[in-house]
Amino acid sequence: MTGSTRHTVLVVDDDPAIRKVLSLGLERLGFTVRLASNGQEALDLLTSAGLDPDCVLLDIRMPILSGKEALPKIRGLFPLTPVIMLTAYNDLATGLDAMKNGAFDYLVKPSRMEHIADVIGKAIRYREIMREKFELDRKKEEYRLSLERSIESTALELNETYRKLKTANMQTVQALAETIEAKDQYTQGHCERVKNLSLKLAQKLALPDGQMEALEIAALLHDIGKIGIPERILNKSGPLEPEENEVIKMHPIIGAQILSIVELFAKAVNGVRHHHERWDGQGYPDGIAGEDIDPLARIISLADTFDAMAQTRPYRGALPMETILEEIRAQRNKQFAPEVVDAFFDARLYEDYLR
Ligand SMILES: [Fe+2]
């Protein structure tokens, strides 16, 4: 190493003669040399005086603070600065020991100046490589952090967009549900109550989270198919003729067809189509039974029937609660899925209607 870039070497030795020899020799080779006579002085130069040498030559045996004691302190404060230990010819074990503790190398005193310069040159190259690696690691870490931050903010934005979309979607569903109620004068608030009761039943039944939104949509829109039924039939106050009944029975099919057009409603389609099916297979429009009936439909079926019985209808007034509960219990395994009836009674969901 010629020292053409003026590398700085800190020489730490308590022997003035050695400091002198090393100082002259290294300066002649082009190094800038700084001197300290013990470990403490060296540390003061490195910390208070802000010296940033390319390499430290550190004598092992010195008063006040020995090289052995100073080494871990220097390594701790300046991990990228290579430290070369200076050791007496009869103290090789200490030199090797120092290398185990983080010294870059050791030199036996007296050494030829060329050899000293060679070891210092290697140490400085090592320092440069370590600095580059350190800088690379720092940049990598910086990049990783910025990536993490941008992923985090993108995720937040996506969540917010999803939330807004979901709200807008539910508002559309709500508006659709209200159009049915506007058509059928006896069903004011029915869709909303069926939705609320269905969600409570679903919670009691521990329906998977992913199905809750579909249930909410299907419950609100279970009668959307009534849009296709003439109002004179829907609002007829007397008993329906058999053919009028057949027309009414079309509403789950019409509703399912309407929902199937909108991709967002895909999971709610069967909940609407099957909300008049019965556990015993005697329902409509498909006459399917038991587990073949969509789980959402099983829930909506009970919520719908319960709310209808609890409200005034064209052909009758609201039924007393005892009669309603008796009927629901009687329809376990007949009209209704047993687990839904059980959830209804276990969670005492009829109590909300008593208030
Ligand atoms: Fe219906």
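The values are calculated or read from the model by the stated rules, or taken from the named source; none is laboratory data. Predicted model only: the values in this text are computed from it and were never measured. Neighbour counts run over all protein chains shown; Cβ positions are idealised from the backbone, glycine included. What goes into the accessible areas is simple: the full protein's heavy atoms, side chains included, and nothing from ligands, DNA or RNA. Shrake-Rupley method; radii C 1.70, N 1.55, O 1.52, S 1.80 Å.
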For this session: Can you give me the number of residues within the stretch 48-89 that are within 16 Å of Gly102 (Cβ to Cβ) and either small (Gly, Ala, Ser) or open to solvent by 70 Å² or more (accessible area, probe 1.4 Å) (or both)?
Result: 10
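Based on this model, can you work out whether Val173 counts as more than 15 Å from the ligand (Cβ to nearest atom), of a type outside the set (Phe, Trp, Tyr) and over 21 Å from Ala318 (Cα atoms)? Spell out the reasoning first.
Details: more than 15 Å from the ligand (Cβ to nearest atom): yes; of a type outside the set (Phe, Trp, Tyr): yes; over 21 Å from Ala318 (Cα atoms): yes.
Here the answer is yes, as Val173 does meet what is asked.
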For this session: Tell me which residues, restricted to the stretch 213-243, are open to solvent by less than 40 Å² (accessible area, probe 1.4 Å), outside any loop (DSSP other than H, G, I, E, B) and more than 16 Å from the ligand (Cβ to nearest atom).
Result: Ala214
Exercise. In this structure, is Gly255 in contact (Cβ under 8 Å) with a residue 40 or more places away in the chain, within 13 Å of the ligand (Cβ to nearest atom) and touching a helix residue (DSSP H, G or I) at 6+ places or on another chain (Cβ under 8 Å)?
Worked result: no
Seminar exercise, completed: Ala117 vs (1) in contact with a Leu (Cβ under 6 Å, 6 or more places away or on another chain); (2) surrounded by 15 or more Cβ atoms within 10 Å (Cβ to Cβ); (3) farther than 20 Å from Leu29 by Cβ: all pass except (3)
Problem set entry | Candidate set: the stretch 193-212, residues that are within 16 Å of the ligand (Cβ to nearest atom) and either basic (Lys, Arg) or free of Cβ contacts under 8 Å to residues at least 60 places away in the same chain (or both); chosen: the one nearest to Gly271 (Cα to Cα) | Lys195
For this session: For Val83, state whether it is among the hydrophobic types (A, V, I, L, M, F, W, C) and over 48 Å from the mean Cα position of the chain (by Cα).
Result: no
Exercise. Which of the following residues is among the hydrophobic types (A, V, I, L, M, F, W, C), farther than 21 Å from Pro79 by Cβ and modelled with pLDDT of 90 or more: Leu165, Leu197?
Worked result: Leu197
For this session: Select the helices (runs of 4 or more DSSP H) contained entirely in the stretch 1-118, then report the ones holding at least 3 residues which are without any contact (Cβ under 8 Å) to a residue 24 or more places away in the chain.
Result: 16-28, 92-100
Exercise. Given Glu114, Glu69, Glu157, Glu128, which one is in the same structural domain as Val33 (by TED's automatic domain parsing), within 46 Å of the chain's Cα centre (by Cα) and charged (D, E, K, R)?
Worked result: Glu128
Exercise. Out of all the residues in the stretch 174-194, which are closer than 29 Å to Asp342 by Cα and either open to solvent by 70 Å² or more (accessible area, probe 1.4 Å) or at pLDDT 85 or above (or both)?
Worked result: Tyr186, Gln188, Gly189, His190, Cys191, Glu192, Arg193, Val194
Seminar exercise, completed: Those residues of the stretch 268-289 which are within 11 Å of the ligand (Cβ to nearest atom) and not in a loop (DSSP other than H, G, I, E, B) amount to Val272, Arg273
